[in-house]
Amino acid sequence: MSRGGKQQDRLVVRAVDVLSGVLSGAVPEPARRVVASRALLAVEELVFPLHEELVLAENADAAAWGATDEQWADDAAVRRWVTETLAEHASSYNELHEVWEDDPDHVEPQGEHPVWALLEMSPFARRLRLLQEAAAKTAVGLGSDVGVGAHQIGRRPVPAR
């Protein structure tokens, strides 16, 4: 799915699942903000390869500590928060590193980078993908195990809103 391959996709899916599970409906207390910062940092390290780790950590910390109750109200709100945060960081990343649209290191504020599709996945779709990978099963194998066709396992889910 992505430029980095399945391993990076898996890390993004896990980070988004952690963010959603830890933050959805939670009061943004300090411990949750630390978890949010670290999970967001994991995603940003994959999306923004030219940034120094210290810059990424500062960006992730600022975003986590600046989040509001509304931004962590539920799964959809958490995903919007992550998407908006990454879009803001993409603009500054491109400008700072002087990468333009034709450059392979350019990160679209939304759209082309595979992380945007992963962020649109519903909680069920994220968990299904993680289950499939943990079981080391193909869509056919997992579908057979749970009694559905491979086309149902592999079907691209409708983005949750």
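The values are calculated or read from the model by the stated rules, or taken from the named source; none is laboratory data. Predicted model only: the values in this text are computed from it and were never measured. Note that we place each Cβ from the backbone using ideal geometry, even for glycine, and neighbour counts take in every protein chain shown. The area values use the complete protein model at the heavy-atom level, side chains included, leaving out ligands, DNA and RNA. Shrake-Rupley method; radii C 1.70, N 1.55, O 1.52, S 1.80 Å.
Overview of results
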| read-out | value |
| --- | --- |
| Unmet requirement for GLU120, which otherwise passes all of (1) at pLDDT below 80; (2) open to solvent by less than 50 Å² (accessible area, probe 1.4 Å) | (2) |
| Tabulated pairs, region 137-161, first within 23 Å of GLU120 (Cβ to Cβ), second modelled with pLDDT under 75 and hydroxyl-bearing (Ser, Thr, Tyr), C-beta under 6 angstrom, 6+ apart or interchain | PRO157/SER122; ALA160/SER122 |
| Residue count for region 85-104, restricted to those that are at pLDDT 70 or above and farther than 23 Å from ASP17 by Cβ | 13 |
| Restricting region 11-46 to residues that are closer than 18 Å to MET121 by Cα and among the polar types (S, T, N, Q), the residue that is least open to solvent (accessible area, probe 1.4 Å) | SER20 |
| Residue ID - nearest to LEU40 (Cα to Cα), chosen from residues in region 138-161 that are open to solvent by 40 Å² or more (accessible area, probe 1.4 Å) and modelled with pLDDT of 75 or more | THR138 |
